[in-house]
Amino acid sequence: MAGFVKGQASYYGPGFQGNRTSQGDRFNTEEYSAAIQIDIRNQFGVPEKTKQLGYARVTNLDTRKSILVKLNDVGPLTSGRVIDLSQASFRSLSPTGTLGPGVLNNIKVEYLGEFKKGSPVGPTTTPRRTPTPPPTTQTPQPGQEATESPIPKAEELTTVSYTHLRAHET
């Protein structure tokens with residue numbers, strides 16, 4: 001039971017605060033939770049009879065912001081959207097940190113499996129690619145051996161006086 005889906009995300013309006021989710025939880029706009037469509041639930045391999053929908057990582061692919069959410073409801077009912085987020089979840093993924101955009105267009109939802117009591121939810125860090133450092137040796141020309149970089153290390157630098165340099169010019 002694993003997989004992912006990409007698409008749009010929206011958020012639950014304030015009118016759902018305190019209502020029961022399909023799992024029986026009381027919906028709280030400030031908790032990290034979400035609703036997924038039934039066909040996506042089936043794609044993830046979650047049995048229809050199970051009350052436990054699971055746990056997912058949701059990433060805004062435009063900003064690389066990522067959160068962990070408890071999947072505790074079925075929705076969204078709007079065509080083209082793959083997930084409805086709580087308001088706290090939506091704000092965490094929004095480029096502005098607000099509910100302003102209303103819809104996030106480039107979202108990836110990765111199913112992580114069963115949600116267990118005490119499982120972490122909320123913002124996560126998305127690893128960023130770090131550039132590979134330049135090589136410390138120069139690429140040798142044919143027939144040459146590799147040499148160390150011509151840029152000296154700080155401990156190799158010495159102070160040379162102007163007078164000393166002038167003495168070697170002649």
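The values are calculated or read from the model by the stated rules, or taken from the named source; none is laboratory data. Note that this is a predicted model, so its numbers are computed, not measured. Methodologically, a virtual Cβ is constructed for each residue, glycine included, from the backbone with ideal geometry; neighbour enumeration extends over all protein chains shown. Side chains are part of the model used for accessible areas, which takes the heavy atoms of the whole protein and leaves out ligands, DNA and RNA. Shrake-Rupley method; radii C 1.70, N 1.55, O 1.52, S 1.80 Å.
Within the set Lys70/Lys117; Lys65/Lys108; Lys70/Lys116; Lys65/Lys117, which residue pairs have Cα atoms separated by over 19 Å? Distance filter (> 19 Å) returns Lys65/Lys117. The H on the amide N of Asn72, modeled in the peptide plane, is under 5 Å from the matching H of Ala34, each at least 5 residues off or on a different chain. Spin-label pair Arg64-Asn19: with each label point 7 Å from Cα along the Cα-Cβ axis, the two points sit 3.7 nm from one another. Relative contact order for segment 1-103: what percent, with Cα pairs under 8 Å and sequence separation of 6 or more? It comes to 38 percent, rounded to a whole number. Amide H contacts under 5 Å for Glu31: Ala88, restricted to partners 5 or more places along the chain or on a different chain, H placed in the peptide plane at 1.01 Å from N. The accessible area of Arg91, taken with all protein chains in place and a 1.4 Å probe, comes to roughly 70 Å². Of the chymotrypsin sites (Phe, Trp or Tyr not before Pro) found in segment 13-89, no site is in coil according to DSSP while having at most 16 other Cβ atoms within 10 Å of its Cβ.
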